[in-house]
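In what follows, a single structure is set out as structure tokens and then discussed.
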Amino acid sequence: MKRISLNVNGVERWVVADPKDNLAHVLREQMLLTGCKVCCEDGQCGACTVIVDGKPIRACVTSMEKLAPTARITTIEGIGTPDSLHPLQVAWMAHGSAQCGICTPGFIMSAKTLLDRNQSPTREEVRAWFNRNRNLCRCTGYKPLIDSVMDAAAVMRGEKRIEDLVPRAKDDGSILGTKYIRPSAVAKVTGTWDFGADLALRMPKDTLRLALVQAKVSHALIKGIDTSEAEAMPGVEKVITWNDVKGKNAITGLITFPTNKGDGWDRPILCKDKIFQYGDAIAIVAADTEEHARAAADKVKVELEVLPAYMSGFAALAPDAMEIHPGVPNAYYEQGVVKGEETKPLFEKAAASVDITTYCSRQPHLHLEPDCGEAFVDEDGVLTILSKSIGVHLHHAMICPGLGIPPEKLRLIQNPTGGTFGYKFSPTMEALLGVAALSTGKPVSLVYDQYQNITYTGKRSPANINIKLACDEAGKLTAMETDWWLDHGPYSEFGDLVTLRQAQFTGAGYHLENIRGRGRTVATNHAWGSAFRAYGSPQSFLASEIAIDMLAEKMGEDPFEFRYKNLYNESSTTPTGQKPEVLVLPQLFDMIRPKYEEAKKRCEEFNAANSEKKRGVGVALGIYGCGLDGPDSSEARIEITPTGFTVYSGWEDHGQGADLSALTMAHEILRKTGVKPEQVKVVLADTKGPNGGPAGGSRSNVFCGNAIRVSAEMMVNAMRKEDGTYRTYEEMKAENIPLAYDGKWVAAACTDCSAETAQGNPFPIYMYEVFVPEVEVDLETGNTKVVKFTTSVDVGTIINKATVDGQIYGGLAQGIGLALTEDFEDLEVHNTLRDCGIPYPKDVPDDIEILYLETPRPLGPYGAAGVGEAPLTAPHPAILNAVYNACGVRVFRVPALPEVIKMGLEANAGRTAEGARQLEHQ
Ligand code: MCN
Ligand code: FES
Ligand code: FES
């Protein structure tokens, strides 16, 4: 320990710290300057960037002893306050650049050092700067961040006024469809938005810090757990095992399909007899500090009998594979598709057909904020769990029986959340926090490091899909056959649903009336399958959007026009036999056609001038439903207060902007009373409040939005006087009129899809998108980059323009990662953000063009659909189709790593040489 003088934000201060400790730790934990966020603790993400003597420094890898005694440190807390914001902070808010906000302070600090040196950077210079300083963002696709820096620079040069950056309400006071700023933006850009790890530092003194004892193998029997040495370690309060769990000690997946062969209670809270996957929690150590808890966790001895690990669907389906859950076959759910005529005769008389197999990877979510949470028992004896949950009511039902407490004694609240992209549709640590708080009787906190976060949270379920597609002489699709399996890891929660998604979306978008297919959900010992943005559809579209490209080629037609003539028409139904709610695909194709033609020309010109690199353009369409599948509903409540209104909604915020959305949905009706947006307060995601349903399936804008709209209408109706004016709060009270209104919205016409045929009407509303990327392939190395991305999108009426733009940019960036770099397969390799292939700024093009069609949806609030998942439905087959167009290499699996493309190039070259030889012999 050493007494160290630090100049922080212009003030000389003293700390007593370990010189070996890192600056981020000291700033956060000793000085409580939690605007310095820590996500990777490995110099990979830039979230912890602070300024030291004018340079951007990653504080997590800067030890205290490395700091010069004269070092002047600036943190986000030192560059602006809510009343006096730096131009970068205003620009960040104005462009919706703080989505989840976990990366925001780091980016702003990094950008400040650039603008302090150069007030006129080019966009490329800004991108290169962020890339060099390892600033990562998983939400925005980077483009809005560059826009923000350019605008801030213009303000600093005196060319723009800061107030001109701030989007305004329309003349009539409405904020619908504007770029109005989200209520949480000021806190996010000033570093005061307290994420779970920040909150952990602000918990009461007696809070116990938790560490997990986790499995280091993927499949084993537990023969014994010895906690004695750990219990004697310094600071340890308790070592908790399965024996301390009062309930069923299992998390239920709420299986809704009677055809599932398991009972849904296959995921232990704390493992008792068996390890099912790497990282499984075996015990929890509760201690006075995190360091003590982790040190003691290392001393828990677990005796194991290691079993063969089935790390893929291929392995788990092998005839000699043992049952991962004894008594339940590894292929535990089957889904059929039966639509229209028998397909076999149609294939026999087809003019052309293709038969391919595609494999979509175990894409990791790579949200930057590691999983974290807190729990305590409140003064009413209610166990209260704070976490990143994006389904507080859902998780309540999933974990309550396992904990063994009555439902009314459990409350879940969502913390400010640094991105989830769906992994938090599954409960992660909620039950562990609950068990620890109950068994110690003290408040607890648990914060994963990035390694735990990556290795022990759910992933996208890999799917292996065989698809056959046929067309007639006119190039019209006649039949499709599919056969697939989906590797869902060891836990069945929602496994049936993602298997059903293959039936719902493979071949979607086309007039395709005859389909036969069969798929299975397979248990393996790899990471458990959780929801991931566009849930299930990237697997489907990888198959059908490559197959249709190949069929077009067989028919000698342009892939764009071949698709165009096969799109949904007035008489079409979806693969599940549902009539599309709007017909927009032809218009989306018409809008983007000129861009496609320009792109083809650009690529031809580039290719004529270059021999070492080749460019190509691809196309794919993507569709996704808004809703949970079948019957679904949402509730909300609006209360009038002396100063305005409070909106209560279950709308969980991953970073997509639920606060602003709930405000906009309510204000659009409430504004009739003269209320301003800033007078409407929003309270979200608490099981004590209304059940909005989970923020998954791009459903919240439609479902929570409608429920809020209904509540607002009820409120306004109650406030309306006979003369058409509105009562005040005081008048409502004086007249004894209720002050709060509960709205509910139900998707009344939706029905479940059958397990045998997949036929049904699962979603009330769909989102539609067409993807046209341009790629450049290095013929020597196989290295591929996306140089431009154009997309046309219909997500109904736009509720907030900055939000929707941001959702699309961010989703496309994840699609680029999915196509080219991201994976979670090898536990030895894929365990950091960088090694899992997360795209840095240089990996995502700045040239992204979005063309909007706003077709109002009859059932959408103000005509809106959702948007979150549309951009990740099918950007990756579009990219693979572009790779083929560029260099003739067909890749059938993602990620299409350089070595895969290189192998294809070499094989093609071999084939070409062989062909030339054969010609010579003729
Ligand atoms: N929206 C809009 N106008 C429309 C449609 C939507 O302004 N016509 C806005 C909504 O008001 C909302 C956002 O777009 O702010 C997304 O709406 P919606 O598609 O209904 O999705 P949810 O609110 O239910 O959010 C979940 C969705 C999903 S399923 C994942 S996964 C996801 C996503 O959104 N994860 C995200 N977006 C994310 N964005 C960030 N930054 N971080 C994540 O983890
Ligand atoms: Fe420091 Fe990631 S670079 S937390
Ligand atoms: Fe950048 Fe979420 S806003 S990671």
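All of the numbers you see were taken from the coordinates with simple rules; none came from a lab. Model, not experiment: these values are computed from the prediction. Glycine gets a Cβ as well: all are built from the backbone with ideal geometry, and neighbour counts include every protein chain shown.
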A correct Stokes-Einstein calculation for the range 755-904, using the alpha-carbon Kirkwood radius, 10 °C and 1.306 mPa s, returns a whole-number D in µm² s⁻¹ of 95 µm²/s
Answer check: the range 821-905, Cα atoms, Kirkwood Rh, Rg/Rh ratio of 1.08
Amide H neighbours of Ala620 at under 5 Å, excluding residues fewer than 5 places away on the same chain, with H built from the backbone geometry, are Phe771
Computed curve, the range 718-795, Cα-only Debye sum without solvent term, log₁₀ I(q)/I(0) at 0.11 Å⁻¹, is -0.74
Counting every C-alpha pair in the range 426-546, the percent lying more than 25 Å apart is 40 percent
For the range 619-734, Rg(Cα) over 2.2 N^0.38 Å is 1.17
Burial-style ranking of 509-522, 675-688, 319-332, average other-beta-carbon count within 10 Å with highest first, yields 509-522, 675-688, 319-332
In cubic angstrom per residue, the convex hull of the chain built on its Cα atoms measures 182 Å³
For the range 33-122, using Cα atoms only, the Rg and Dmax in Å read 13.1, 39
Between Leu412 and residues 5 or more places away or on another chain, the pairs with built amide H atoms under 5 Å apart involve Ile385, Thr687, Lys688
With the range 228-345 reduced to its Cα atoms and the Debye formula applied, log10 I(q)/I(0) at q = 0.16, 0.17, 0.21 1/Å amounts to -0.92, -0.99, -1.20
Checking rank on 135-144, 872-881, with mean other Cβ inside 10 Å and highest first, the result is 872-881, 135-144
The set of residues whose placed amide H lies less than 5 Å from the amide H of Ala250, leaving out same-chain residues fewer than 5 positions away, is Ile269, Gly402
One finds the C-alpha centres of the range 327-366 and the range 638-700 to be spaced, in Å, by 41 Å
Which of Lys614/Lys785; Lys216/Lys261; Lys37/Lys801; Lys205/Lys246 exceed 18 Å between C-alpha atoms? The answer is Lys216/Lys261; Lys37/Lys801; Lys205/Lys246
The chain: relative contact order from alpha carbon pairs under 8 Å, six or more residues apart, as a whole percent, is 14 percent
Given 31-39, 628-636, 415-423, 827-835, the highest-first ranking by average Cβ count within 10 Å works out to 415-423, 31-39, 628-636, 827-835
For the chain, percent of DSSP beta bridges that are antiparallel (nearest 5) comes out at 80 percent
Asserting the computed 222 nm helical MRE of the chain (DSSP H runs at least 4 long, -39500 (n - 2.57) per run, divided by residue count, to nearest 500) equals -9000 deg cm²/dmol
Along the range 64-74, Karplus-curve 3J(HN,Hα) (6.51, -1.76, 1.60; θ = phi - 60°) to the nearest Hz, with x for Gly and Pro, reads 4, 6, 7, 6, 5, x, 8, 4, 10, 9, 10
One quarter of the C-alpha convex hull surface, i.e. the mean projected area of the range 284-331 in nm², amounts to 5.3 nm²
Residue by residue through the range 377-384, the couplings from Karplus 6.51 cos²θ - 1.76 cosθ + 1.60 with θ = phi - 60°, in Hz, x for Gly and Pro, are 9, 7, 5, 9, x, 9, 5, 10
HN-Hα couplings for the range 452-467 via Karplus (6.51, -1.76, 1.60; θ = phi - 60°), in whole Hz with x for Gly/Pro, come out as 5, 4, 7, 7, 10, 9, x, 9, 4, 7, x, 10, 10, 10, 9, 10
In nm², the average projected area of the convex hull spanned by the Cα atoms of the range 357-509 is 11.3 nm²
